[in-house]
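The values are calculated or read from the model by the stated rules, or taken from the named source; none is laboratory data. What you see is a predicted model, and the numbers here were worked out from it, not measured in a lab. All Cβ positions, even for glycine, are placed from backbone atoms using ideal geometry, and neighbour counts span all protein chains on display.
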Amino acid sequence: MPKHLRVIVLTLVILAVLVPASILAIPSAEFYQEGGEIFDDWDICRTNAAGEDGFFQVSAAGFYPIIVGESLGENADQAYRIGQQFAQDYPDMHQRAEEIFAFVRDRVRYTSDESQFSLAEFAQNADELVVTIEDEGIAHGDCEDYAVLLAVMYKGAGFRSAIVLAPEHAAALLYLPEYREANQSLSVDGEAGWIWAEATGGNNPLGWMPEEFMGTELEVYEVDDKAITKGEPPDKPSTVITPDAGSSGIHISPFFIVIVLLLLISLLRRRR
């Protein structure tokens, strides 16, 4: 192979290894901007939890974690199906619950939205996290991302699950009334047997509830296995959402990529 071709091939191989997928991403049709907020193609605001279009629809009357409906019912995809697979692999309900919890705890690394997306808030749905886990072995997210993923996977595995909001925090709840390993058993609407699923710490066991939330006022919503309806694609410019450097992979500046490509073109011209 001529020397200049070897240089080109080697350079392309290096770029393929080092350049994260986010740099080479085609603009996504899944997100758009409006009023300074980012929405997905279900018209859910991913950058705000509050209001009618917020991902948790938080209001004075309570909340509804509408984003879970992107991964349930007719929208069920990878996260739900992994939950179903756990149900097949682990007939014992307690072991199944622990294995699902360990899957999420060990494969999602706690990362703030500011660090990952340079946004004060950006919620991910359950399937987005699972796709990243399947592609890269690990995903990054904050407390509401963990809670949504756990709630969806537990529904897929045949459990009753819920999202709980504490002051400046979100977690999942699991209905497992005979589980004795939890440090706190909770009642929801007078029904005992709910346990806390806090997967944000690498050493947390299923059922461990942080003391700071014991005795505090909590908002709970039990998740229904129902889909939400996706609307027509919005007639708005798409927005690309990609993790920043440091959250995963090695970041190569697009400017550097352009310089390398210009050098390659220059080499080719010289060889003619």
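For the condition surrounded by fewer than 15 Cβ atoms within 10 Å (Cβ to Cβ) and at pLDDT 75 or above, residue 226 qualifies. When residue 121 is tested against the conditions (1) in contact with a helix residue (DSSP H, G or I) (Cβ under 9 Å, 6 or more places away or on another chain); (2) free of Cβ contacts under 8 Å to residues at least 12 places away in the same chain; (3) acidic (Asp, Glu), the lone failure is (2). Considering only residues in segment 217-236 that are within 21 Å of residue 175 (Cβ to Cβ) and assigned to a loop (DSSP other than H, G, I, E, B), the one that is farthest from the chain's Cα centre (by Cα) turns out to be 217.
Of all residues assigned to segment 99-109, at least one qualifies as being surrounded by fewer than 16 Cβ atoms within 10 Å (Cβ to Cβ) and within 12 Å of the chain's Cα centre (by Cα).
Of all residues in segment 194-218, those that are closer than 20 Å to residue 126 by Cβ and either modelled with pLDDT under 85 or charged (D, E, K, R) (or both) total 1. The criterion of at least 1 residues that are under 23 Å from residue 243 (Cα atoms) and either in contact with a strand residue (DSSP E or B) (Cβ under 9 Å, 6 or more places away or on another chain) or hydroxyl-bearing (Ser, Thr, Tyr) (or both) is met, among strands (runs of 3 or more DSSP E) falling completely within segment 80-181, by 108-110, 139-141, 169-175.
If you go through segment 154-205 and keep only what is closer than 15 Å to residue 142 by Cβ and without any contact (Cβ under 8 Å) to a residue 24 or more places away in the chain, you end up with just 168.
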